[in-house]
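Notes for the one structure printed next.
The values are calculated or read from the model by the stated rules, or taken from the named source; none is laboratory data. These figures come from a predicted structure and were not determined experimentally. No Cβ is skipped: glycine too gets one built from the backbone with ideal geometry, and neighbour counts run over all protein chains shown. Areas reflect the complete protein model, heavy atoms only, side chains present, ligands, DNA and RNA absent. Shrake-Rupley method; radii C 1.70, N 1.55, O 1.52, S 1.80 Å.
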Amino acid sequence: MLAQITIAFLVGLLVGSGFPFTPFLCIGFLLLTAIVLVGLERSGWLHSRHSSMLYAGLLVGLLYWTVFAWLSTPVSLHRLAGNAPLPITGRITEPVHYAPGRASFHLTVSQLGNAPADRHRDGTLRITWREPGRDLKQGDLVTLTARIHPPSGQVNPGGFDYATYLIRHGVDATASVSGPDAVRWLGSTNGLTRWALWRTVDEWRDRIRNAAVASLRDPARGIYLGIIVGQPGYLTAEVRDAFMATGTVHILSISGSHLGLVGLLSFFLIRHTCRRLPAQWLLGLSRHITSTRIAALGTVIPVTIYALLAGAEVATVRSWIMIVVFLLSVWLGRQEHLLLSLACAAFLIALHDPRALYDISFQLSYCSVLAIALVIRRPSDESGEHLPPSRSIRKRLEDWLTTYAWITGGITLATLPLVAYHFNQVAWLGLVANLVVVPLAGLLLVPLGLGSALWVAATGNATLPGTFLNQAGMDFLSDLVHMLARLPGAEWHVASPTLISIVLFYGLLIMAISLPAHHRVRLICFTGAIILVAWWVWSPRMWGQDGSLRVTFLDVGQGDATVIELPDGETVLIDAGTRHETWDMGRSVVAPYLWDRSIFRLDHVIATHPQLDHIGGLASVLRHFPVGHYWSNGLTRQELFYQELQRALRHQGLSESIAVEGEEILATGTCRLSVLNPAVGEQPQLSAPTNIGTLLNNQSVVTKLLCGPHSFLFAADAEAQTLSRMAKTDVSASARIVKVPHHGANSSLDEQWIRHVAPEIAVISVGDRNPYGHPTQAVLRAYEQQGSRIFRTDRDGAVSIAARLSSPLFELSRARATEFRPIRFGASMFHDEWLNWGRLRCQMGRA
């Protein structure tokens, strides 16, 4: 009954999370649940006491979420601080994350500013420190001066919402500083405080990290730090992509699989050691405790040490809880009740932080462990543990391989919808890759690396012992995964399944597992689940070939990225945003949007000009999508981002076509995409550093799309000089929708050109709180005076315009308009909730 009550409690948490946005819907769900439970009672299917306990669990979950959310209301630190940089003092409260040239940490603020009492406020800041000058530890008191911002991120249809992610992890605001002296250490707590243990663990982790950085080369360095001390910041994008393609990306972080393998090895080693004790000792010991109980108790120690070395991150602690709860069930002789143990673990995790239900790491870990439990669930016989094995080694090995294959298949099937939804991928290769990679990493590389790490932590050595073995082992793992990733079809991307289809999939699986005696029903359920998987794998394109036109200006921060879907199915990508230290707009924004639209090939890619905020993300796009034609203005640069783009072009075997005025990029049906800039014969000189930005901007590839009654002008970063020339030559006249040039900068303001084009819609692709002050008030005023409706990606998120060629009408949608709004008590409650229902339908039907 505990498992059912836990499920009711978790459902109550989900209802509680939706109550502020759809209160009437949640109340209706509670009433309907009560009616169903009463009906089950009267029909004899459910005892009244059980019914009451289930409904009580549902209500307790709802109330618990409400209270937790109220107590966890974010502090508006950025509003208290204002826009100017302020001195900030606080204490580091979580493990510091390191990467080459960068450190990030959470700071519990104790004071903002220098003196005013009203600025002594609590709150959590996420600090990014570039070029750090020293190692920091939990419990350290530090001070710095920085400008505070609210959590923010890009808002795109179906995209990852980084701002919500930070808020769910307790971050109230963000800030960044640069330079070795930007963060000043004020001291740390001494004596037996709650920080003493964490400081000791952090000292161990710093020793291990510094030794690994000094001893190992990439990619072994990044893999070692990821799987041994939970520092994934040293992993390269290439390594991550290879592990993702093979379905083994879970290896790169200390997850439940790592803790489980360490626990498994420790458990069998301790139990085996106990069984090899002298017979007299073993007999005396068995009067008080069995070898299995000793192993269960002893396994807690290495698992806990490993979790601490990983920094006791939230995801690691959740896995630790699940393993410890299972070991407790073994101690109590209830290991056959593994599902009950999982229910207890889920209850404890949700009790600690109910927001874990929306965390992808919890969802994947729990589904994986649940799949393992369902595969290996069988009663064990404690009394027979001392009997010699009756089967041959070969038979036992065959049974082990069979069970392991079933486990791998079960995990892949159980997590397939979640991986497809969050990562746009079906990792079918994981069925084979995990059979090799997991034993290699878990049974060889993790024990070897963990042994080296413990030696460094204990002795303080500056280098890792067994450097050669660690380097060779990690390199072999990397080479193996890269070899598997190069297999045809290994990287199989899909459109994100709809939430409705995911719920249906898990419902069919639960019915198939819960009804073992009803063979026909099980067959129907499994068949339905397989059909859903086949549909997801196929991911047919349901739009774009029905005579409709769609142009989407993606939110890529301070940069540009535009996707054009033509009525005949052809697709065009203009730029792909920028690339930061840890965030590639091409990989994290543009590619997921294309996959969600079931676009797996690009007919044309246009790189308007070689600046980071426009083509920084193109290399990632080219690595993941076949491309028909690649266009640019022909200018070359020596910067790293441009050289990486050239390597991606060579890898794909693409030749670079030069776009000049009068060139027609495509002509299909009634649609024409033509080039308006750069002018024919212009050969700019890029040697002068004072005006290289202006020269690049004025050489931007400006294009115009005519499609029936609809016209779009994509002005890239063209400045006033180029705009004036185009206005005089009359090549850009009359465009209904304009992508405002250069993010709304004053240097691209030409009022004559704006009057010449006379756009109905002006879209500004711009980053929130950008340091350039884009868009300027003068630019906004000029378009407003022309009567243009202005949309901005920093405020509206992605802006999409859909139209049919048979009508001059078009439909404009904003990604931020699909975000839920809290319902306030008043006369408009029903109307506000009705709007949220529409947003819910959009999200439930996300493809």
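Of note:
- Of the residues making up region 329-344, those that are open to solvent by 30 Å² or more (accessible area, probe 1.4 Å) and free of Cβ contacts under 8 Å to residues at least 60 places away in the same chain are 331, 332, 333, 334, 335, 336, 337.
- Checking each residue of region 484-497 against the condition of being open to solvent by 40 Å² or more (accessible area, probe 1.4 Å), within 23 Å of residue 625 (Cα to Cα) and part of a helix (DSSP H, G or I) gives no match.
- Taking the numbered list (1) small (Gly, Ala, Ser); (2) surrounded by fewer than 19 Cβ atoms within 10 Å (Cβ to Cβ); (3) on the phi > 0 side of the Ramachandran plot in turn, residue 247 passes all entries but (2).
- Residue ID - surrounded by the fewest Cβ atoms within 10 Å (Cβ to Cβ), chosen from residues in region 204-223 that are under 26 Å from residue 623 (Cα atoms) and not acidic (Asp, Glu): 217
- Odd one out for residue 261, checked against (1) of a type in the set (A, V, I, L, M); (2) under 24 Å from residue 162 (Cβ atoms); (3) at pLDDT below 80: (2)
- Qualifying residue in region 380-393 (condition: of a type in the set (Asp, Glu), open to solvent by less than 50 Å² (accessible area, probe 1.4 Å) and either modelled with pLDDT under 75 or in contact with an Asp or Glu (Cβ under 7 Å, 6 or more places away or on another chain) (or both)): yes
Residues checked against (1) of a type outside the set (A, V, I, L, M); (2) modelled with pLDDT of 95 or more; (3) open to solvent by less than 20 Å² (accessible area, probe 1.4 Å):
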| position | (1), (2), (3) |
| --- | --- |
| 562 | yes, yes, yes |
| 582 | yes, no, no |
| 588 | yes, no, no |
| 606 | no, yes, yes |
| 624 | yes, no, no |
| 634 | yes, no, no |
| 647 | yes, no, no |
| 651 | yes, no, no |
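- Set side by side, the residues 51, 43 differ, and just one is among the small types (Gly, Ala, Ser), modelled with pLDDT under 95 and surrounded by 14 or more Cβ atoms within 10 Å (Cβ to Cβ), which is 51.
- Among residues of region 200-245, those that are in contact with a Gly (Cβ under 8 Å, 6 or more places away or on another chain), at pLDDT 90 or above and among the hydroxyl-bearing types (Ser, Thr, Tyr), counted: 2
- Checking 347, 326, 362 one by one, the residue that is over 21 Å from residue 8 (Cα atoms) and buried (at least 19 other Cβ atoms within 10 Å of the Cβ) is 326 and no other.
- Residue in region 91-136 that is surrounded by the most Cβ atoms within 10 Å (Cβ to Cβ), counting only those that are modelled with pLDDT of 80 or more, polar (S, T, N, Q) and over 30 Å from residue 221 (Cα atoms): 124
- Condition check for residue 629: surrounded by fewer than 21 Cβ atoms within 10 Å (Cβ to Cβ) and assigned by the TED database to the domain that holds residue 557: yes
- Number of positions in region 257-303 that are open to solvent by 60 Å² or more (accessible area, probe 1.4 Å) and β-branched (Val, Ile, Thr): 2
- Under the condition of being part of a helix (DSSP H, G or I), of a type in the set (Val, Ile, Thr) and over 31 Å from the mean Cα position of the chain (by Cα), the residues counted in region 430-477 number 3.
- Single match in 563, 556 (criterion: under 30 Å from residue 773 (Cα atoms), in contact (Cβ under 8 Å) with a residue 60 or more places away in the chain and touching a strand residue (DSSP E or B) at 6+ places or on another chain (Cβ under 8 Å)): 556
- First in region 401-429 and open to solvent by less than 30 Å² (accessible area, probe 1.4 Å), second anywhere and among the acidic types (Asp, Glu) and part of a helix (DSSP H, G or I), Cβ under 7 Å, 6 or more apart: 424/596
- Boolean, residue 521 is more than 26 Å from the chain's Cα centre (by Cα) and more than 30 Å from residue 623 (Cβ to Cβ): yes
- Residues that are among the aliphatic types (A, V, I, L, M) and either modelled with pLDDT of 80 or more or assigned by the TED database to the domain that holds residue 512 (or both), drawn from region 398-423: 411, 413, 414, 416, 418, 419, 420
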